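This report concerns only the one structure given below.
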Amino acid sequence: MRVFAATPFAAALFALPVLAQHGMYLSDSKNPAIGNPEAIAAGTKLFMGSCAGCHGPDGGGGARGPNLVRRSLWHPLSDENIFSVIRNGVADMPATKLPDDQTWNLVAFIHSLTGPASTNPVPGDPAAGKAIYWGAKAGCANCHSIRGQGGSMGPDLSNIGGSRPLAVIRESVVEPAKDLYYLGNEAATVELKNGQKLEGVAKNRSNYSLQLVDTKGALHLIQMRDVKKLTISDTTPMPTDFAKRLSRTELRDLLAYLAKQDIRSKESAQ
C-alpha cells in the first residue's frame, strides 16, 4: 500500500494497462487450419503432449517456456512466423519433425490462444454464464458494465471478448491481482482537507488531479491541492476468490459469456 501526502509528487505516475490491445498478428494466414475447430482440437492434443510442459497448459508460461499469450501482445507474430519457430526451433526450444499438417494444427491452437476470444471456439454455455454474470453469486455487474448496464467502478466489459484472448480473460477473473493486472484501476482512499473521505478506484491520476469512481459508481473529479492524504492499494479492488466462489462449470460458462462480448457482433447483446 502506498500513501501520498497532499504535496506535489516528485514525478507524475502514469500506469497504462498492460493489456491495452489484444494479440494482433502481423498477417493472418490463409491456411485452412486457422480457425478450424477440428484443427484446433488436434493442435490442442499436440500442445498438451509436447508443449504444455514448458509453456503451461493454457500457454500462460511454465518453468522453462515463456508466456505465449502475453508475449504476443507486444511481440506480434504472423502465423507463418509461428510455423517457422515450431518447425525450426529458437533459443532453448528444439526444432520439431512434425509434418506440415500437424504443425499447422499447432499454429491454429496457438492462434486461438492469442486471438480475441470472440473469434475462436470457446467451451461453455453463454446463456448460463449470463445468469452468473448478472446474478448475486458472482456480482460482476456491481462494478462492471456491458453496453451501458451495470456498475462503473470497474472497467467496461462491452468489448472484452473482442479485445482479449480467452486465457487473459480467465486470468483477469481468477487472478485479478497477478502482476497488478488492473494497473491504473487500483483501489484508493482519499482524505480531503475538508474532512470528507472517499473510497473507490483511482483513474487518470497525475500531479494535479485525480479521478475517483466511488463504491456507488459516482465519479469524483478531485484537485490534488484539496487532498490531505491519498492511499493507493498495491492490489486490485476486484475480489480474488472467484476460483473458489464459482464451480468449474460456472466459471467456464461465465468465461463463455464474456468471450461473446464483442461490440462488432450482434450476438454479444445482453
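None of the figures in this text is laboratory data; all of them are computed from the coordinates on show. Just so it is clear, the model here is predicted, and its values are computed rather than measured. Positions of Cβ are generated from backbone atoms using ideal geometry, with glycine treated the same way; all protein chains shown enter the neighbour counts.
Quick notes
- Viscosity 0.890 mPa s, temperature 25 °C, Stokes-Einstein D of segment 122-228 from Kirkwood C-alpha radius, µm²/s: 159
- The protection proxy used here, the mean number of other Cβ atoms lying within 10 Å of each residue, ranks peptides 150-161, 208-219 as follows, highest first: 150-161, 208-219.
- Rounded D (µm²/s) - segment 37-114, Kirkwood Rh over Cα pairs, Stokes-Einstein at 4 °C, 1.567 mPa s: 105
- Listing 249, 96 from fewest to most neighbouring C-beta atoms within 10 Å gives 249, 96.
- Partners for residue 216 among lysines (Cα-Cα distance below 20 Å; same-chain residues under 8 apart left out): 137, 197, 203
- Ordering 78-91, 98-111, 118-131 by mean Cβ neighbour count within 10 Å, with the highest value first, yields 98-111, 118-131, 78-91.
- When each of 238, 48 is scored by the number of other beta-carbon atoms lying within 10 Å, the sequence from fewest to most is 48, 238.
- 10 Å beta-carbon shell around residue 196, net charge (K/R +1, D/E -1): +1
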